[in-house]
Amino acid sequence: MAERSREVIVESTAEGATGQASRLLKEIVAEAVERRGFCYFALSGGSTPRGLYLRLAADGVSGEVAWQNVHVFFGDERDVPQDHIESNFLMAQRTLLDHVPIQVSHIHPMPADAEDLAGAAASYEQLIREVVPIENGGPRFDLILLGMGMDGHTASLFPQTEAIGVTDRLVMSYFVPVLGRSRMTFTYPLINAARNVILFVTGADKAVATARLLGAEPPDAGELPAAGIAPTSGRLTVILDAPAARDTGLHPS
Ligand code: 6PG
C-alpha cells in the first residue's frame with residue numbers, strides 16, 4: 001500500500017472508530033456537494049459498517065447529510081437476491097437507506113444474482129460510467145467505503161484469484177473458490193481512481209491482517225488484496241479500533 005496517500009486513525013473502541021468514519025464521510029459528502037452539486041459514493045457490506053450506517057441514519061434525521069444530493073452504489077455484492085439476508089444491499093437498506101431522505105432513483109444496487117453475471121457486471125459498469133462524473137479518463141467516486149476480511153480481502157477481491165490482476169474492467173463477477181460462490185465487485189482500477197477511500201476495520205480477528213497491511217513491507221495484492229488499495233491521486237484513510245490495530249504498534253490518538 002503506497003505510503004504517500006495514506007492516513008491511519010486508531011480509536012480505542014469500535015464505537016470511536018465508527019464516530020471517526022461518520023465524521024469523515026459527512027465531510028466528504030459536504031465537500032462533494034459544494035464542489036459539484038452531488039456526492040457519489042459506494043458502500044461496503046459485511047458486518048463492520050452496520051454501526052456506521054445506523055449512526056448515519058440517526059444523524060440523517062437531523063439533516064447533517066445532504067442525502068437528496070447523494071448517489072449510492074455498492075462496492076461488492078453476494079450472489080443472492082436483494083431481499084436475501086446475506087445481501088449487502090438489504091443490510092444497507094434496513095440500517096440506513098430506508099431511514100434517510102435519499103431519492104430511490106439514486107440508490108443503485110448491484111445485480112449480483114443475475115443469470116448472466118458477466119453481462120450484469122458490464123451493465124453495472126456502464127451505469128457507473130453514465131452516472132458518476134468522469135475525471136482523469138474514468139468515473140471518479142467521491143468516496144468508496146471498504147472493509148477487510150481476516151484473509152485481507154477487500155470488496156470482493158479475494159487472495160490469489162483472477163480478480164486481483166483485472167485492469168480492463170471496472171466491475172466484474174467471478175466464482176470465488178474459497179467461498180464456493182460467485183461475487184460481483186469493483187476492481188482496483190475503479191477503487192484507486194476514487195477521490196477518497198475509507199478502509200474501515202475493527203475487531204481483534206483482523207489484527208494479523210491489519211499488521212501485515214500496515215507493516216514496513218506489506219505483501220503484494222495477490223496475497224493481501226487490501227494492500228492493492230492505493231488511490232492514484234486520492235486520499236486513503238484507514239480507520240481502526242485498538243483491537244484491530246493490536247499488532248501494528250499504533251495506539252489510539
Ligand atoms: C462483503 C464485504 C467484504 C467485507 C469484509 C469484512 O461482501 O462481505 O463487502 O469485503 O468488507 O468481508 O466483513 P466484516 O465487516 O463482516 O468483517
Scan the stretch 75-84 and give yes if some residue there is at pLDDT below 95 and in contact with a strand residue (DSSP E or B) (Cβ under 6 Å, 6 or more places away or on another chain), otherwise no. no
Restricting to the stretch 135-159, what's the tally of residues that are polar (S, T, N, Q), crowded, with 24+ Cβ neighbours inside 10 Å and more than 10 Å from the ligand (Cβ to nearest atom)? 0
Looking only at the stretch 76-101, filter to residues that are within 16 Å of Arg55 (Cα to Cα) and away from the ligand (no atom under 14 Å from the Cβ); which one of those is surrounded by the fewest Cβ atoms within 10 Å (Cβ to Cβ)? Asp98
Residue, surrounded by the most Cβ atoms within 10 Å (Cβ to Cβ), within the stretch 175-211, restricted to residues that are free of Cβ contacts under 8 Å to residues at least 40 places away in the same chain and over 17 Å from Gly152 (Cα atoms): Phe175
Could you tell me whether Ser105 is hydroxyl-bearing (Ser, Thr, Tyr), loosely packed, with under 12 Cβ neighbours inside 10 Å and modelled with pLDDT of 95 or more? yes
Hey, Ser62 at pLDDT below 95 and of a type in the set (S, T, N, Q) or not: yes
Flagged in the stretch 30-48 as hydroxyl-bearing (Ser, Thr, Tyr) and surrounded by 17 or more Cβ atoms within 10 Å (Cβ to Cβ), in numbering order, are Tyr40, Ser44, Thr48
Looking only at the stretch 59-86, how many residues end up being among the small types (Gly, Ala, Ser) and either without any contact (Cβ under 8 Å) to a residue 40 or more places away in the chain or out of contact with any helix residue (DSSP H, G or I) (no Cβ under 9 Å at 6 or more places or on another chain) (or both)? 3
Out of Ala42, Ala32, sole residue that is out of contact with any helix residue (DSSP H, G or I) (no Cβ under 6 Å at 6 or more places or on another chain), of a type in the set (Gly, Ala, Ser), assigned to a strand (DSSP E or B) and closer than 16 Å to Arg235 by Cα: Ala42
Extreme residue, nearest to the ligand (Cβ to nearest atom), among residues of the stretch 160-178 that are within 17 Å of Asn88 (Cβ to Cβ) and of a type in the set (Val, Ile, Thr): Val176
Provide a single number: the residues in the stretch 45-65 that are within 16 Å of the chain's Cα centre (by Cα) and not in a helix (DSSP H, G or I). 5
Could you check the stretch 6-29 and list, in sequence order, the residues that are loosely packed, with under 15 Cβ neighbours inside 10 Å, touching a residue at least 24 places away in the same chain (Cβ under 8 Å) and part of a helix (DSSP H, G or I)? Glu15
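The values are calculated or read from the model by the stated rules, or taken from the named source; none is laboratory data. Not measured: the values here are computed from a predicted model. All Cβ positions, even for glycine, are placed from backbone atoms using ideal geometry, and neighbour counts span all protein chains on display.
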